[in-house]
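Worksheet: one structure, shown below.
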Amino acid sequence: DIQMTQFPSSLSASVGDRVTITCRTNQSISRYLNWYQQKPGKAPKVLIYVASTLQSGVPSRFTGSGSGTDFALIISSLQPEDSATYYCQQSYNFPRTFGQGTNLEIK
Amino acid sequence: QVQLLQSGGEMGKPGASVKVSCKASGYSFSTYGITWVRQAPGQGLEWMGWISPHSGNTKYTQKLQGRVTMTTDTSTSTVYMELRGLTSDDTAVYYCARDNGGAIIYFDLWGQGTLVTVSS
């Protein structure tokens, strides 16, 4: 199975800050990496797929980058509604593993 | 309306089985796979398995192999996930999600979640 390491596990940032969440895999997955946002009590929502493609309706302050084994989710200017847990997930092969999650808190 | 509607919460005793349904509407059911993901209280997301409504082919995580079965009923556009031999570790919210398939795979539509509680 492909192992996903996501960091940090939690962070606190202020409105307007630039935030970076990193995801690393233990083998190359090309660009088959997706990012999800989950708010308490809700189902996850896809933000970015194939590493850098923004899902329709997602604000442009979210960007994704990376390939191979190292990926990043960047929020360019943090907004209050971005308080959530973020997960990376690989779709290179089965099982389609998730990272452990990053809990983002707004100061 | 494009949606996945899951069955209601379930309670089960250790050793029992539970079957959760996921009814698709608003899109061509057979075109997209369905993935099941679960989330234990306060924990992260765990991929459980995938089924193709078109072919019935399935893939399961090794961790649940032998205890989980995913099936599909194309006449009602419904996918089922049955989990047997329940333990307290199976207490979680279970989600179905549409696997958009093709060469670029991500989960673009999710059910509302079904809480399964295992307790004696």
Those residues of the stretch B:54-85 which are without any contact (Cβ under 8 Å) to a residue 24 or more places away in the chain, small (G, A, S) and over 16 Å from B:V18 (Cβ atoms) amount to B:S55, B:G56, B:S75
Among strands (runs of 3 or more DSSP E) lying entirely in the stretch B:22-74, which contain 2 or more residues that are within 18 Å of B:G111 (Cβ to Cβ), under 14 Å from the mean Cα position of the chain (by Cα) and within 12 Å of another protein chain (Cβ to nearest Cβ)? B:33-39, B:46-51
Just a yes or no: is a residue in the stretch A:62-77 open to solvent by 50 Å² or more (accessible area, probe 1.4 Å), acidic (D, E) and within 14 Å of chain B (Cβ to nearest Cβ)? no
Those residues of the stretch B:77-108 which are open to solvent by 20 Å² or more (accessible area, probe 1.4 Å), part of a strand (DSSP E or B) and closer than 19 Å to B:K59 by Cβ, in sequence order: B:Y80, B:E82, B:R98, B:D108
When you go through (1) buried (at least 16 other Cβ atoms within 10 Å of the Cβ); (2) on the phi > 0 side of the Ramachandran plot one by one for A:Y87, which number turns out not to apply? (2)
Restricted to the stretch A:8-52 and to residues being within 9 Å of another protein chain (Cβ to nearest Cβ) and open to solvent by 60 Å² or more (accessible area, probe 1.4 Å), the residue farthest from B:D108 (Cα to Cα) is A:G41
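The values are calculated or read from the model by the stated rules, or taken from the named source; none is laboratory data. Since we're looking at a predicted model, the values are computed, not measured. Virtual Cβ from ideal backbone geometry, glycine too; neighbours counted across all protein chains shown. Each accessible area value is taken on the protein alone, full model and side chains, heavy atoms only, with ligands, DNA and RNA left out. Shrake-Rupley method; radii C 1.70, N 1.55, O 1.52, S 1.80 Å.
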